[in-house]
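Written below as structure tokens is the structure these notes are about.
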Amino acid sequence: MAMPRPNRSALVLTLVLVAMLGGCHHPSGAWYSYTGESQTFFSYETRQTTVKLIDLRNDQVIFEMDVPPGQQLTLDFKPGSGDDPVYTPDLMRYEVWPLGTRTGKLRNTLTVPAYWARRLDVQYTDEIEFMSTEATARAIRTDETQPEWWTPEGGDLPEENTSADNYSR
């Protein structure tokens, strides 16, 4: 008796359904892109990104993030999933990933105002700001770390030559 062969189209359809229902997120909307899909903001060493979410009712900053260089911020909004039907009816999901991440779960959430009461501001900074070295460090001077007998003024030599002991071991 011959074994029946599996139907390939049914197998492919099953794999597609499992991938869609698996809870993974794709920054560009995966197979079914739409206008309400997630948004991804990239930050590089030469162009740093700041993302702010503003409540338009009182001009209050609800969410602000300086995306670290070499990372990307992906966020999306779920209408009707917030904790207050009047003030914060929507839910913003977000995650910070390394650059180039294509799929994953948005594990961070924040309840936000409805779409008509919020604004997303994105700022790009092309100026590279380096940390000042004057306040935290200075050049190392070798004459400050040497024993007195090593300096030009000279000094008493140690009674025991500890460096010779290190070589003989």
* Does Leu91 fit the bill of being of a type in the set (A, V, I, L, M) and in contact (Cβ under 8 Å) with a residue 60 or more places away in the chain? -> no
* Out of all the residues in the range 61-115, which are among the polar types (S, T, N, Q) and over 15 Å from Thr40 (Cα atoms)? -> Ser81, Thr88, Thr109, Thr111
* Structure fact -> Residue hits (the range 42-68; assigned to a loop (DSSP other than H, G, I, E, B) and either over 12 Å from the mean Cα position of the chain (by Cα) or under 15 Å from Trp116 (Cα atoms) (or both)) are Glu45, Thr46, Arg47, Leu56, Arg57, Asn58, Asp59
* Among the residues of the range 10-49 satisfying the criterion of being farther than 19 Å from Phe77 by Cβ and of a type in the set (Val, Ile, Thr), which is modelled with the highest pLDDT? -> Thr46
* To do: State whether the residues of the range 75-86 include one that is among the aliphatic types (A, V, I, L, M), part of a loop (DSSP other than H, G, I, E, B) and surrounded by 15 or more Cβ atoms within 10 Å (Cβ to Cβ).
  => no
* Asked: Quick one: in the range 98-135, which of the residues that are exposed (fewer than 11 other Cβ atoms within 10 Å of the Cβ) and farther than 20 Å from Pro69 by Cβ is modelled with the lowest pLDDT?
  -> Ala135
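The values are calculated or read from the model by the stated rules, or taken from the named source; none is laboratory data. Keep in mind that this is a model prediction, so the values were computed, not measured. In this analysis, Cβ positions are derived from the backbone assuming ideal geometry, glycine residues included, and neighbour counts consider all displayed protein chains.
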